[in-house]
Amino acid sequence: MIYGLTGGIGSGKTTVAAILRDKGYIVLDADEIGREVTGKDEPLLRLLVRDFGIEIINEDGTLDRKALAAKAFGDKRKMNRLNELVQTAILCRAVEKFHKLSLSDYNKVMFFDVPLLFEAGWDRYMQQIWLVTAPEDVRIQRVEIRDGLTEEEIRERIRHQMSEEEKMERADVIIQNDEGMAKLMAQVEKAIAENLR
Ligand code: ATP
């Protein structure tokens, strides 16, 4: 069974994923799989070349991410095509991994950490969705410290994500991460006790 783990920028998804792993749960990370499927010799690269040209490949056969971004940036149709190709490759690889991991125990609960789970429409494939949330100001402060971005840059990213209210309406479990680590841990333990036992 695959449970989706999501949340906006700076909400604390990665921190919750670490707590879940620590407690023995398998958590696959969509961003990490994204890096995997865009690696050298991956089938996705051929599809990207077909749409964006051979110039997106470096001499050593790896993907030239900057060249690809330059080709797609600012062109809505190309951006949509790029997202469609990459997202499909991530989903296929994730399904393959989850399938292998569940062979020994079909009912095992595993998590899929996907920052833009709702935006991608993948909520429909999840047995249950856990949303990590925090007030916008708290999220901005965390990301300012973590990534060194300005408040305006972070707000711009937030504007491109689905609103927190809508995500909360669609989620099955809401983990409020508005205070310190002790409260977050207690919230995760409560979610496990209420949903996984
Ligand atoms: P993004 O989508 O931007 O990658 P995220 O949702 O994965 O963000 P995290 O990386 O888990 O968020 O958290 C953002 C930052 O806030 C990290 O530096 C993390 O250590 C810190 N943080 C998260 N939750 C708490 C908390 N409850 N108390 C203190 N710091 C926290």
- Note on the structure: Checked pairs for the range 70-82, first closer than 19 Å to VAL37 by Cα and free of Cβ contacts under 8 Å to residues at least 12 places away in the same chain, second open to solvent by 80 Å² or more (accessible area, probe 1.4 Å) and not in a helix (DSSP H, G or I), C-beta under 9 Å and 6 or more apart or across chains, list as MET79/PHE73
- Query: Considering only residues of the range 141-164 that are assigned to a helix (DSSP H, G or I) and in contact with a Leu (Cβ under 9 Å, 6 or more places away or on another chain), which is nearest to ASN195 (Cα to Cα)?
  - Reply: GLU164
- Task: Considering only the range 140-164, state which residues are closer than 17 Å to GLY4 by Cα and of a type outside the set (A, V, I, L, M, F, W, C).
- Result: GLN161, GLU164
- Query: Can we say ARG93 is under 17 Å from the mean Cα position of the chain (by Cα) and either within 22 Å of VAL37 (Cα to Cα) or crowded, with 18+ Cβ neighbours inside 10 Å (or both)?
  - Reply: yes
- Message: Checking LYS167 against (1) more than 9 Å from the ligand (Cβ to nearest atom); (2) assigned to a loop (DSSP other than H, G, I, E, B); (3) closer than 27 Å to ILE2 by Cα: exactly one of these is not met. Which one?
- Response: (2)
- Message: So for the range 116-123 (the condition being assigned to a loop (DSSP other than H, G, I, E, B) and in contact with a strand residue (DSSP E or B) (Cβ under 9 Å, 6 or more places away or on another chain)), does at least one residue qualify?
- Response: yes
- Item | Close pairs from the range 176-193: first closer than 12 Å to GLY12 by Cα, partner hydroxyl-bearing (Ser, Thr, Tyr) and in a helix (DSSP H, G or I), Cβ under 7 Å, at least 6 apart | LEU184/THR15
- Query: Could you count how many residues in the range 19-65 are among the β-branched types (Val, Ile, Thr), in contact with a Lys or Arg (Cβ under 7 Å, 6 or more places away or on another chain) and either in contact (Cβ under 8 Å) with a residue 60 or more places away in the chain or surrounded by fewer than 15 Cβ atoms within 10 Å (Cβ to Cβ) (or both)?
  - Reply: 3
- Query: Of the residues that make up the range 2-12, is at least one open to solvent by 80 Å² or more (accessible area, probe 1.4 Å) and more than 25 Å from LEU149 (Cα to Cα)?
  - Reply: no
- Item | In the range 1-28, residue farthest from the chain's Cα centre (by Cα) [restricted to those that are near the ligand (Cβ under 6 Å from one of its atoms) and farther than 15 Å from LYS167 by Cβ] | THR15
- Message: Report every pair of residues separated by at least 6 positions or lying on different chains whose Cβ atoms are under 6 Å apart, first residue within the range 1-17 and touching a residue at least 24 places away in the same chain (Cβ under 8 Å), second of a type in the set (Phe, Trp, Tyr).
- Response: ILE2/PHE98; ILE2/PHE112; TYR3/PHE111; GLY4/PHE112; LEU5/PHE111; LEU5/TRP130
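The values are calculated or read from the model by the stated rules, or taken from the named source; none is laboratory data. None of the values given here were measured: they were computed from a predicted structure. So basically every Cβ, Gly included, is an ideal-geometry build from the backbone, and we count neighbours across all protein chains shown. Heads up: the accessible areas ignore ligands, DNA and RNA and are worked out on the full protein's heavy atoms, side chains in. Shrake-Rupley method; radii C 1.70, N 1.55, O 1.52, S 1.80 Å.
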